Amino acid sequence: MLPDLVMSKVWKIGVAGLGTVGGGLVKYLVEHPGFAPAGGKAVVTGVCARSRSRPRDFDIATFDWYDDPVLLAQSPQTDIFVELIGGSDGPAKVAVEAALALGKPVVTANKALIAEHGAELARLAEAHGAPLLFEAAVMGGTPAVKMLREAMVGDEVISVAGILNGTCNYILTEMESHERAFADVLGEAQAKGYAEADPTMDIGGFDAAHKITILAALAFGCAPNYAAAEIEGVERVELLDIRLARELGYRIRLTASAEKAGDGISVRVHPALAPIAHPLSQTVGATNALFIKGVRIPRIFIQGPGAGEGPTAAACCADIADVMTGAVRPVFQKPATQLKTPKPIDAAHRTGQAYLRLMVRDEAGALAAVTEALAEAGVSIDSFLQKPVEDEGRVPIVLTTHEVAETKIMDAVTRLAALPQVLESPRLIRIARA
Ligand code: HSE
């Protein structure tokens, strides 16, 4: 049985940031005064946002208003500080630090903050005995953080990989299913509220990189190391590649992965081909998906909403519930003072399969030159597709490679680009591991 204090305590919640997630959280807590997973009660007491007068679909007059999130964090009327401002630096960071320095629990959805400053914030939190919780920062309402922080603690995680950006997945799905151009679909993702305030964060792969950096730290018990993440977004994915990939039996997805090899960890975000029947290809629209591979638990797959008001606000509520029950765990698996920054894995030690698209001149010997360049680089072809000649004697050629060292694939790309018969820079897209 829980202690009486936990059962009866009224927790005063201060919410900084009243955008999609903050607004959703406040509305939920107001409309559900019975939200009391631990028997206590969560009551929003104070709020803070950029504009007090902006029209909202809930009444803020019943809360104390703060212009400065730091004052909200420090207020005696705030027991739990919920930071939903966003941004890796600036007011969000200062306010979170102010709360933690006073030993106040912090709940945040701020992936940039945790990915870029997670280690120092974890030290501050643990030094002051304050929980720092961020379930909503990764995969919205799908509990990836709890799964790694709590459920996988009994095993050793080998890799985590999946789809962590709903905007990009929505764009890729729409491009494929309705043969639409990239720019056209991006506007729609923004209108639906999936995209970040600055959509470059989504389409450039940075949002997914923040999230996989956090998952890597939780999975491997290390300091988040965003600076070492290798990031490529979806801006260069063309409808042509989506069509050609489909002809070869694949879909294109923006994948985020983190894996361990020796004492090194590789954290990467890039477009990748997955066979059409693969769960990643079957993850459509703004949905997110994640594979977790462990030593004793060989493979877990979770899939669910990665964005949006309801799911993300629900994830914040789950963290509030953890604070209310008094659950205490290190922020990233190990005590913050023991967290080490992982070494990146050298590309020379990585292998994989790739898709290569070439535009070649339609003349005798062009194909021979291509296959010779691949042979010289030590890259063997798995499948091959040549499309009919386009305007001005140009022929699109697509091939997939067998598993080979990534350095050899890069060498092949350099050799192919230098061929007089190859008219455009070769397009390389990796193939996701099964
Ligand atoms: N912009 C993010 C996405 C929102 O599209 O997944 C959730 O972090």
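The values are calculated or read from the model by the stated rules, or taken from the named source; none is laboratory data. Every value quoted in this text rests on a predicted model; they were computed, and no experiment measured them. All Cβ positions, even for glycine, are placed from backbone atoms using ideal geometry, and neighbour counts span all protein chains on display.
As a summary of the residue check, residue 236 satisfies the conditions (1) assigned to a loop (DSSP other than H, G, I, E, B); (2) at pLDDT 95 or above; (3) under 23 Å from residue 401 (Cβ atoms) except for the one numbered (2). Can you tell me which residue among 424, 392, 406 is touching a residue at least 60 places away in the same chain (Cβ under 8 Å) and of a type in the set (Asp, Glu)? None of the others qualify; the one that does is 424. Taking residue 56 as the residue in question, decide whether it is surrounded by 13 or more Cβ atoms within 10 Å (Cβ to Cβ), of a type outside the set (A, V, I, L, M, F, W, C) and in the same structural domain as residue 113 (by TED's automatic domain parsing). Here the answer is yes, as residue 56 does meet what is asked.
Looking only at the range 103-115, count every residue that is within 16 Å of the ligand (Cβ to nearest atom) and either among the charged types (D, E, K, R) or free of Cβ contacts under 8 Å to residues at least 40 places away in the same chain (or both) and tell me the total. Show your work before the answer.
Within the range 103-115, the subset within 16 Å of the ligand (Cβ to nearest atom) is 107-115.
Then keep just the ones that are either among the charged types (D, E, K, R) or free of Cβ contacts under 8 Å to residues at least 40 places away in the same chain (or both); that gives 108, 110-111, 113.
Residues meeting the conditions: 4.
Within the range 389-398, is even one residue under 31 Å from the mean Cα position of the chain (by Cα) and not in a strand (DSSP E or B)? No, the range 389-398 has no match at all.
Within the range 93-110, work out how many residues are assigned to a helix (DSSP H, G or I) and in contact with an Asp or Glu (Cβ under 7 Å, 6 or more places away or on another chain).
Residues meeting the conditions: 2.
Within the range 329-344, none of the residues are more than 16 Å from the ligand (Cβ to nearest atom), touching a Lys or Arg at 6+ places or on another chain (Cβ under 6 Å), of a type in the set (D, E, K, R) and farther than 30 Å from residue 140 by Cβ.
Might you check whether a residue that is in a helix (DSSP H, G or I) and not assigned by TED's automatic domain parsing to the domain that holds residue 207 occurs anywhere in the range 81-92? Looking through the range 81-92, at least one residue is in a helix (DSSP H, G or I) and not assigned by TED's automatic domain parsing to the domain that holds residue 207. The C-beta contact set for the range 84-102 (first residue within 16 Å of residue 129 (Cβ to Cβ), second residue hydroxyl-bearing (Ser, Thr, Tyr), distance under 9 angstrom, 6+ apart or interchain) comprises 96/108; 99/78.
May I ask you to list the residues in the range 239-256 that are away from the ligand (no atom under 16 Å from the Cβ) and surrounded by 17 or more Cβ atoms within 10 Å (Cβ to Cβ)? Before the answer, list the steps.
In the first step, residues of the range 239-256 are kept if they are away from the ligand (no atom under 16 Å from the Cβ); the result is 239-252.
Correct list: 241, 242, 244, 245, 248, 250, 251, 252.
For the range 9-41, filtered to residues that are outside any loop (DSSP other than H, G, I, E, B) and over 29 Å from the mean Cα position of the chain (by Cα), the residue that is surrounded by the most Cβ atoms within 10 Å (Cβ to Cβ) is 11.
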